[in-house]
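Peer 1: Submitted below is the structure of interest, expressed as structure tokens.
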Amino acid sequence: MAQVFNWQLGREMEYPYEAHRPKRQFAAVFNLNRCIACQTCTFACKSTWTFSPGQEAMWWNNVETKPFGGYPQHWDVKILRLLAEQPGWDISQIEENSPYGIYLGKTIFEMAKETISDNAKRALGYLPEDKEWRFPNIYEDTSTVSEHTSESQNFEQGTQLPEHSPFFFYLPRICNHCTYPACLAACPRKAIYKRAEDGIVLLDQTSCRGYRKCVEQCPYKKSMFNPVTRISEKCIGCYPRVEEGTIPRCMAACIGKIRLMGWVDDPQSPIHYLVRKEKVALPLYPQLGLEPNIYYIPPRWVPRGFLSQMFGSGVEDAIKKYSKPSAELLAVLQLFGVTQNILYSYDFGDDEVVGFDEKKKEIIRVPLEEKVLVRPEKHLNTT
Ligand code: SF4
Ligand code: SF4
Ligand code: SF4
């Protein structure tokens with residue numbers, strides 16, 4: 001195993017291959033405060049990429065209801081159980097290269113090395129049974145209210161921020177195009193690779209022999225097996241669109257305007273601002289050690305203990321900043337869902353925010369406050 005640096009853990013960790021950071025890294029921020037689980041993203045992906053025989057139960061993009069839902073069922077509970085209880089982050093050492101502190105626990109690569117005698121198994125993982133893939137959003141809209149909780153108790157605790165006692169929220173998920181992908185580490189055929197130009201992780205179907213090691217060892221379960229072709233498949237980051245400067249289908253179609261795509265390591269990018277500078281968007285289960293590149297603005301009504309397990313030690317700070325946004329954060333939040341083009345940089349003033357493409361050409365201009373137009377009484381029913 002090589003020693004590689006994982007900034008989400010604030011430390012070096014073991015990984016089967018040397019680090020090769022791409023020229024720029026494909027990334028996105030999903031704002032969980034705004035997702036309405038309409039599944040438009042899910043169907044945008046399905047109608048573009050996964051409508052063939054063998055792909056019926058395959059959802060490269062899915063939106064699940066937390067805390068009980070999951071696709072495949074219980075994927076996160078199962079991997080967290082395998083990982084066992086871990087000490088978490090030492091937040092006394094927060095610096096630029098360790099924005100959440102130093103992770104003191106073991107990753108799925110380190111645990112595999114320590115606990116599994118089979119050398120070929122590079123990461124902790126399990127293969128879901130076929131029945132676990134049946135529902136893309138099982139337990140839809142199911143909150144933590146149970147028959148064991150009295151109604152009065154729920155009403156009392158449930159209506160007040162900062163935390164709702166009965167809670168649920170929607171978690172849209174695609175492949176994280178991880179910096180240290182477990183799918184890539186697991187593949188004995190070296191059929192999975194990470195593109196040097198944009199960090200998108202692809203699976204070469206001509207090399208794949210369907211051993212399903214990637215399905216077993218991707219903790220997010222975003223590599224999937226096609227029972228008709230008998231080879232594995234995964235989200236391709238809509239690379240043909242990205243190559244021509246447009247955002248992926250699932251992001252372009254998002255009704256709630258909760259998604260913004262860009263480059264996490266480019267200091268000019270709004271994604272870099274949200275993730276590395278303002279730290280309002282956090283990685284999903286960073287403790288697993290893959291340095292995932294889809295980031296989430298946590299839902300502000302959800303109990304912090306639950307969120308911290310899911311997004312790490314930056315939750316409290318992220319919610320505080322999102323609840324009282326700075327002028328710059330407010331401006332960047334207006335850029336979600338306003339253009340089909342990839343935004344490379346932005347500028348903002350008192351009234352509007354402007355987004356630019358790679359060549360610094362203006363592609364979008366958005367007012368910071370929407371104008372209110374009041375119709376005169378004599379034209380109430382006309383435009
Ligand atoms: S389209 Fe957007 S709002 Fe609708 S479910 Fe998908 S992420 Fe959520
Ligand atoms: S989320 Fe899974 S499938 Fe996607 S790059 Fe990471 S390990 Fe591979
Ligand atoms: S990025 Fe493209 S391939 Fe991946 S989930 Fe979204 S629409 Fe599907």
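Bear in mind that the values in this text are calculations on the coordinates, not laboratory data. Because the structure is predicted, anything quoted here is derived from the model rather than measured. So basically every Cβ, Gly included, is an ideal-geometry build from the backbone, and we count neighbours across all protein chains shown.
Peer 1: Which of rounded, prolate or oblate describes the chain when judged by the alpha-carbon gyration tensor and an a/c cut-off of 1.5?
Peer 2: Numbers: a/c = 1.42, a/b = 1.30, b/c = 1.09.
Because its axes are fairly even, with a/c under 1.5, the chain counts as rounded.
Peer 1: While we're on this one: Calculated FRET efficiency, residue 277 and residue 255, Cβ-Cβ r, R0 25 Å, to nearest 0.05? Walk me through the intermediate numbers first.
Peer 2: Working: r = 28 Å, r/R0 = 1.13.
It comes out at approximately 0.35.
Peer 1: Tell me, what HN-Hα J-couplings in whole Hz come from the Karplus equation 6.51 cos²θ - 1.76 cosθ + 1.60 at θ = phi - 60° for each residue of the stretch 261-267, using x for Gly and Pro?
Peer 2: 10, x, 10, 6, 9, 9, x
Peer 1: Order by neighbour count: 255, 94, 174, fewest other Cβ atoms within 10 Å first, most last. Please report the intermediate quantities before stating the final value.
Peer 2: Values: 255 13, 94 17, 174 25.
Going from sparsest to densest Cβ surroundings: 255, 94, 174.
Peer 1: Show which aspartates and glutamates lie in cross-link reach of residue 361 when reach means a straight Cα distance below 18 angstrom and same-chain residues fewer than eight apart are skipped.
Peer 2: Qualifying aspartates and glutamates at Cα under 18 Å: 243, 244, 266, 347, 352.
Peer 1: Here is a follow-up. Sort 228, 29 so that the residue with the fewest other Cβ atoms within 10 Å of its own Cβ comes first and the one with the most comes last. Display every interim value, and only then the final one.
Peer 2: On the way: 228 10, 29 25.
The order, fewest Cβ neighbours first, is 228, 29.
Peer 1: Where does each of 118, 317 land when they are ranked from fewest to most other beta-carbon atoms within 10 angstrom? Before the final figure, lay out each step's value.
Peer 2: Details: 118 7, 317 17.
Fewest to most other Cβ atoms nearby, the residues stand as 118, 317.
Peer 1: Please enumerate, by chain and number, the aspartates and glutamates with C-alpha under 13 Å from the C-alpha of residue 321, excluding those fewer than 8 residues away in the same chain.
Peer 2: 278
Peer 1: Show that you can apply the helix-only estimate: for the chain, add -39,500 (n - 2.57) for every DSSP H stretch of four or more residues, divide by all residues, and state [θ] at 222 nm to the nearest 500.
Peer 2: -5000 deg cm²/dmol
Peer 1: Using amide H atoms built 1.01 Å from N in the peptide plane, name the residues 5+ places from residue 296, or on other chains, whose amide H lies under 5 Å from its own.
Peer 2: Here 30, 282 satisfy the definition.
Peer 1: Now for a separate question. Can you give the FRET efficiency for residue 160 and residue 326, using 1/(1 + (r/R0)^6), R0 = 22 Å, r = Cβ-Cβ distance, to the nearest 0.05?
Peer 2: Details: r = 25 Å, r/R0 = 1.16.
Plugging the Cβ-Cβ distance into 1/(1 + (r/R0)^6) gives 0.30.
Peer 1: Between rounded, prolate and oblate, where does the stretch 278-348 land on the alpha carbon gyration tensor, with a ≥ b ≥ c its root eigenvalues, rounded for a/c under 1.5, else prolate if a/b exceeds b/c? Please list the in-between numbers first.
Peer 2: Working: a/c = 2.47, a/b = 1.46, b/c = 1.69.
Note, shape of the stretch 278-348 comes out oblate.
Peer 1: Which of 78/194; 324/359; 66/194; 78/131; 46/359 have a Cα-Cα distance over 24 Å? Please list the in-between numbers first.
Peer 2: On the way: 78/194 26 Å; 324/359 33 Å; 66/194 30 Å; 78/131 15 Å; 46/359 32 Å.
The pairs that break the limit, which is 24 Å between Cα atoms, are 78/194; 324/359; 66/194; 46/359.
Peer 1: When a/c reaches 1.5 or more, the comparison of a/b and b/c decides; with that in mind, is the stretch 87-142 rounded, prolate or oblate per its Cα gyration tensor? Intermediate results must be reported in sequence, preceding the final value.
Peer 2: Values: a/c = 3.67, a/b = 1.35, b/c = 2.72.
Oblate, because a/c is 1.5 or more while a/b does not exceed b/c.
Peer 1: When the Karplus curve 6.51 cos²θ - 1.76 cosθ + 1.60 is applied with θ = phi - 60°, which whole-Hz ³J(HN,Hα) does each residue of the stretch 280-286 get, with x for Gly and Pro?
Peer 2: Values per residue, Gly and Pro as x: 8, 10, 10, x, 8, 6, x Hz.
Peer 1: So what J values fall out for the stretch 210-218 if you push phi through Karplus, 6.51 cos²θ - 1.76 cosθ + 1.60 with θ = phi - 60°, rounded to Hz, Gly and Pro as x?
Peer 2: These are the phi-based 3J(HN,Hα) values: x, 6, 6, 5, 5, 5, 5, 9, 6 Hz.
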